[in-house]
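The values are calculated or read from the model by the stated rules, or taken from the named source; none is laboratory data. In this text, all values refer to a predicted model and were calculated from it rather than measured experimentally. Glycine also receives a Cβ, built like all others from the backbone with ideal geometry; neighbour counts cover every protein chain displayed. These accessible areas exclude ligands, DNA and RNA; they are computed on the full protein's heavy atoms, side chains included. Shrake-Rupley method; radii C 1.70, N 1.55, O 1.52, S 1.80 Å.
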Amino acid sequence: MISKLSQTLKRLRSQRGITQKKLASYLHLSGSTISNYENGVYVPCCDVLALLAEFYGVSIDYLVGRPCEGVSRHRVIYGKYTLDRFLRLLDALPERRLSLLVDFLVLLENGLGS
């Protein structure tokens, strides 16, 4: 759980384009505390997990890598791609490719990709 949590925290912060120091300021924590969370040295307490989840707009379950409640990760999304496979592929994408994917999804969402 620790490595998944630390990876997720690091990725979410990077996607937001903010520094550890800035995040620490938002959450009224020290920069070294954020660094320790992202490096798996410490696990945030429940209150801090809730703050992080709220800040990033995700659930605590998402932060710690638990499957979404009520949604089967084995559900086929398209062809041989299950929800679980999509999520694993998303987690493995480098930042630049993830940014391109999000840009493409925005185009599709706005009807420009059809």
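Of the accessible area of the chain, computed with a 1.4 Å probe over protein heavy atoms only, carbon and sulfur atoms account for 57 percent. When only the Cβ of Lys, Arg, Asp and Glu is charged (+1, +1, -1, -1), the dipole of the chain relative to its Cα centre reaches about 360 debye. Segment Ala92..Val43, full-extension length gain: 15.4 nm, with 0.36 nm per residue of separation and the alpha-carbon distance subtracted. Placing pseudo-labels 7 Å out from each Cα toward the beta carbon at Ser32 and Leu100 gives an inter-label distance of 4.1 nm.
Under a 5 Å amide H cut-off, with hydrogens placed 1.01 Å from N, Thr82 pairs with Ile77 among residues at least 5 apart or on other chains. Tell me the GluC sites (Glu not before Pro) within the stretch 8-105 that lie in a loop according to DSSP and have at most 16 other beta-carbon atoms within 10 Å. Filter output for the stretch 8-105: Glu69. When nucleic acids and ligands are ignored and a 1.4 Å probe is applied, Tyr26 ends up with an accessible area of around 110 Å². Among the listed values (i) 15.7, 46; (ii) 16.6, 58; (iii) 14.2, 42, the one matching Rg and Dmax of the Cα atoms in Å as calculated from this structure is (i).
Estimated from helices alone, the mean residue ellipticity of the chain at 222 nm is -18500 deg cm²/dmol (sum of -39500 (n - 2.57) over DSSP H runs with n ≥ 4, per residue). Rolling a 1.4 Å probe over the heavy atoms of the protein chains gives the chain an accessible area of 69 Å² per residue.
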